[in-house]
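Notes follow once the structure below has been shown.
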């Protein structure tokens, strides 16, 4: 392979000759020059060669060799174009690699392998490598099995001049030469070939451990598998332990399929303990796999799934699937977001499961599959603050409870899920923290009492708005840092303000709240649109979205005479805090009266019973007046 042609003058050539290895090594490999090669398209008849006597050149060639000849021409002619023979590895191989026995990562870049040397010549997958430290050459036959796996065989390193050609050295490598494997460091994982849940038997060469059966389950990320090995009392080498397999490469050679991965477990400390190679094939009935694992961080001697340091027989297990559907008021919107926007909740098209993923990267964090409706417990409202009593079958127009199968990372089990409808575009979820191996235990009330979980507030990505529950004008007081957070919706941003902060709600529009902060040097404003509100355990809540952004704010508030007290957060709806005193945003307000245009009362917060009673009284009064 030719390197790019470039210019070289006399001083550059002398510098090259001054490098280690001497002129002969430079001549043989770095720059194979000849009389016709010194110039691109130059010859003794070329006009560019005028002034150079051919007889002198030829005599110089015979006496001093081609290297000095080129230097002589460089001296007469000045800069010339020189053709250099070298080679480089495919750019996709660039990076750091692991190889068993190498204490440091092996780096491949351009035409160099850090532990071998520099490539001087190649023919397809055969590379002639010069080790400049040992002053010798070897043939390396490199095969790319996968973007993350390289395998190679090599000859001895020859320092005999007549025994340094690519063809000669490569001919030394026979079929039973040692095969080396290199695995790429810091690479994205690939989907594992085994998906779902399996039970398996395994053997380390001292008998098969089948009872109790071991299990393997797919994790939330399909490039991870969790293997739970069980110990068998009568099988030597069997033990109870859990291993997590991260799949890094899959390829096929003939009918044999290979997998390379990293096994994470309590015993594995170094990379040599983690990297492993596997051979696998699907069973004839298509209901499982036969798998053989290497005993070290290579693929040596691994040819069949029946022979290996550890062999396994995987059989498909019943994987939990959706047996019920989430309520229509939840599934009517397919896509929900957490209050802070970091997590996305996407409901499946069959309404029986949803997944939670990172809204930025798309990485799946959790899968939640509905397995059965669950009747509520009499004390549930004190745990989650339900405002509407559920029916005996576990669902209502504003509340539902289910037994669900949860996969979070590589952990899985059954949990109890409670869903509250707070507004058309707002729901709240609560799931028991402790995952149970039995579905029947998931919704026991004790699970919520002993393992309370946070309540997650979700909003739809379609922005509907509702009338704000607060109306009027209020002067706000509080810590200046908290007031800054309210205006900026940024916990890090802060500016001192000696002026006043005013909240105007339901005045310019019934679904708008507006903040005005008059400081000594500037005026700051922020407009919010109300998304939904509700009351829970004597505390009122409102979800508001900053106009023109995707930033949400949940304000918990209480009203006492003409005073209003707020505790707010951009991440959650606060519970179990002193309203107006605790929280990321803790402020208090005093009513300054009605809206100037609408005349709305400071607080619009009516009980439906009081409203109905008022209508009855008004109607009765009208009847009596007509008499």
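The values are calculated or read from the model by the stated rules, or taken from the named source; none is laboratory data. Everything numeric here is computed off the predicted structure, so don't read it as measured data. Cβ coordinates were reconstructed from backbone atoms using ideal geometry, including for glycine residues, and neighbour counts include every protein chain displayed.
Matching residues to (1) outside any helix (DSSP H, G or I); (2) surrounded by fewer than 15 Cβ atoms within 10 Å (Cβ to Cβ):
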{"residue": "433", "(1), (2)": "yes, yes"}
{"residue": "446", "(1), (2)": "no, yes"}
{"residue": "453", "(1), (2)": "yes, no"}
{"residue": "462", "(1), (2)": "yes, yes"}
{"residue": "465", "(1), (2)": "yes, no"}
{"residue": "468", "(1), (2)": "yes, no"}
{"residue": "492", "(1), (2)": "yes, yes"}
{"residue": "498", "(1), (2)": "yes, yes"}
{"residue": "514", "(1), (2)": "yes, no"}
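If you go through segment 324-337 and pick out every residue that is outside any loop (DSSP other than H, G, I, E, B), in contact (Cβ under 8 Å) with a residue 24 or more places away in the chain and under 22 Å from residue 396 (Cβ atoms), you end up with 3.
Scanning segment 545-568 for residues that are within 14 Å of residue 339 (Cβ to Cβ), in contact (Cβ under 8 Å) with a residue 60 or more places away in the chain and assigned to a strand (DSSP E or B) yields a count of 5. Scan 558, 597, 549 and give me the residue that is farther than 19 Å from residue 484 by Cα and modelled with pLDDT under 90. Answer to the check: 597. Test residue 429 against the criterion of being modelled with pLDDT of 85 or more, within 30 Å of residue 412 (Cβ to Cβ), in a strand (DSSP E or B) and out of contact with any helix residue (DSSP H, G or I) (no Cβ under 7 Å at 6 or more places or on another chain), and give yes or no. So residue 429 passes the test. The residue that is surrounded by the fewest Cβ atoms within 10 Å (Cβ to Cβ), among those in segment 269-281 that are in contact (Cβ under 8 Å) with a residue 12 or more places away in the chain and farther than 21 Å from residue 180 by Cβ, is 281. Just checking, which of 302, 314, 263, 225 is closer than 24 Å to residue 186 by Cβ and surrounded by 20 or more Cβ atoms within 10 Å (Cβ to Cβ)? Criteria check complete, one pass: 225. Right, residue 539: out of contact with any helix residue (DSSP H, G or I) (no Cβ under 8 Å at 6 or more places or on another chain), surrounded by 15 or more Cβ atoms within 10 Å (Cβ to Cβ) and under 15 Å from residue 466 (Cα atoms) or not? Against the criterion (out of contact with any helix residue (DSSP H, G or I) (no Cβ under 8 Å at 6 or more places or on another chain), surrounded by 15 or more Cβ atoms within 10 Å (Cβ to Cβ) and under 15 Å from residue 466 (Cα atoms)), residue 539 does not qualify. Residues in segment 338-347 that are surrounded by fewer than 18 Cβ atoms within 10 Å (Cβ to Cβ) and in contact (Cβ under 8 Å) with a residue 24 or more places away in the chain: 340, 341. Being surrounded by fewer than 16 Cβ atoms within 10 Å (Cβ to Cβ), touching a residue at least 24 places away in the same chain (Cβ under 8 Å) and touching a strand residue (DSSP E or B) at 6+ places or on another chain (Cβ under 9 Å) is true of residue 237. When residue 330 is tested against (1) under 28 Å from residue 238 (Cβ atoms); (2) modelled with pLDDT of 95 or more, exactly one condition is not met: (1).
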